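Report on one structure; see the data block that follows.
Read-outs throughout are calculated quantities, based only on the coordinates presented, and are distinct from any laboratory measurement. From a predicted model like this one, the values you see are computed outputs, not experimental measurements. Virtual Cβ from ideal backbone geometry, glycine too; neighbours counted across all protein chains shown.
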Amino acid sequence: MKKIILADDHSFIRLGLIQILKDEYPSVDITEVSDGESLVQEVIKNDFDLVISDLDMPGRSGLEALEQIKISKPNLPVIILSIYTEDLYAVRILKAGASGYLNKNAAPYELITAVQRVLLGKKYITPEIAEKLLSSTSTDKKPHELLSNREFEIFKLLAYGKTITQISESLSLALTTISTHRSRILEKLVLTTNSELTRYAIAHQIISDIEL
């Protein structure tokens, strides 16, 4: 019997994913969690065959959880689900150790296809992701693609208008740490203010002005 842990902060999404999985694997044992910290703790304490995690969750993000999981259990396969297109996160996610990256708008059978491949020890990579991985070795990267994973997360939060204090509380990091990251982000993107960060993020489709 397969044991899967599913992490998403929206209960109705977890319910839908569980139904899709149980239709294909009737005897599957699924553990549910609603945030990245709980995901990491469950993975450390228990044995699973597969992790399926949302990217954006309260506190520790799916990317941060992935990095921690790969430290404690490097051979445990992880599929990351996200509302973001492959262009934005796929390369970061796969380089961090994930076995697959899937947009939440994908058809249910795509999730099953991804699960089947990953449980066989393979990677789930769409043609779009494969192309992005090939181009990621190019020297003409966009400035935001040069940010570290932590810097990218903080950049996105700053672009959404979050204050340094709010980001510090959300990520459980010191104010000075967030300020240092902000300075490095601005330097790498050749920007000077948070409003410029927001405009940059909208221009590069990292966030939508509808979300602001």
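Give me the one-decimal Kirkwood hydrodynamic radius in Å for the stretch 74-131, with the sum taken over alpha-carbon pairs.
11.3 Å
Any lysines with Cα under 30 Å of the K73 Cα? List them, leaving off those in the same chain fewer than 8 positions away.
Hits, sequence-local ones excluded: K2, K3, K22, K45, K95, K104, K122, K123, K132, K156.
How much of the pair distance distribution for the stretch 143-211 lies past 17 Å, counting alpha-carbon pairs only, in percent?
Details: 779 of 2346 pairs.
Every Cα pair in the stretch 143-211 considered, those over 17 Å come to 33 percent.
For the stretch 1-127, report the % of Cα-Cα distances exceeding 26 Å. Working shown, then result.
Values: 704 of 8001 pairs.
Percent of Cα pairs beyond 26 Å in the stretch 1-127: 9.
Once you charge only the Cβ atoms, +1 for Lys and Arg and -1 for Asp and Glu, what is the size of the charge dipole of the chain about its Cα centre, to the nearest 20 debye? The partial results should precede the final answer.
Values: 24 positive and 29 negative charges, 111 e Å.
For this selection, approximately 540 debye.
Quick check: the distance between the Cα centres of the stretch 76-146 and the stretch 165-202, to the nearest angstrom?
Taking the Cα centre of the stretch 165-202 as reference, the centre of the stretch 76-146 is 26 Å away.
Tell me which of T177, A203, P143 sits at the most positive position along the dipole axis of the stretch 143-211, charges placed on C-beta atoms (Lys, Arg +1; Asp, Glu -1).
Working it through, the farthest residue towards the positive pole turns out to be T177.
Can you tell me the relative contact order of the stretch 8-152? Whole percent, Cα pairs under 8 Å, sequence separation 6 or more.
Details: 164 pairs, mean separation 26.7, N = 145.
Relative contact order, the stretch 8-152: 18 percent.
How large is Rg/Rh for the chain, to two decimals, with Cα atoms and a Kirkwood Rh? Let's see the in-between values first.
On the way: Rg = 17.5 Å, Rh = 18.0 Å.
With Rh from the inverse mean 1/r over Cα pairs, Rg/Rh is 0.97.
In the stretch 3-135, if the dipole is taken from +1 on Lys/Arg beta carbons and -1 on Asp/Glu beta carbons about the Cα centre, which of A98, S34, I52 is farthest to the positive end?
A98
Mind sorting H10, H144, H204 by how few other Cβ atoms lie within 10 Å of their own Cβ, fewest first?
Working: H10 11, H144 20, H204 16.
By the 10 Å Cβ count, ascending, the order reads H10, H204, H144.
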